[in-house]
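First comes the structure, then the notes that go with it.
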Amino acid sequence: MSSKPQVQDEYLNEARTSRKQVEVILLEGRSIKGIVVAFDTFTIRLRCKRDDILIFKSAIAVIGPVREANRR
């Protein structure tokens, strides 16, 4: 097995260190926005407003940067 970091580890570590807000879309369709505080093999800890929530990676469909809504 390779000792090279997983792509998801690189992405999550960049999100954690940059402290930029991400959007997590769960398999059920719910969207959660917050800052990645920590992660491990199975979970991600996300800070949403003032509270931290623990999300199982198996429940996640997509993680990406939060984009501003187009304003006219």
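Computed from the coordinates by the stated procedures, all read-outs in this text should not be read as laboratory data. Just so it is clear, the structure is predicted and the values come from calculations on it, not from any experiment. Neighbour counts are summed over all protein chains in view; Cβ atoms, including those assigned to glycine, are modelled from backbone coordinates with ideal geometry.
Descriptive notes on the structure:
- Contact order normalised by residue count of the range 21-72, Cα under 8 Å, 6+ apart, percent: 37
- Degrees between helix 7-18 axis and first principal axis of the chain (Cα, 0 to 90, nearest 10): 50
- Look at 30, 67 and count the other Cβ atoms within 10 Å of each Cβ; fewest to most, that gives 67, 30.
- For Rg/Rh (Cα atoms, Kirkwood Rh), the candidate list reads (1) 1.52; (2) 1.00; (3) 1.15; the entry that matches the value derived from this model is (2).
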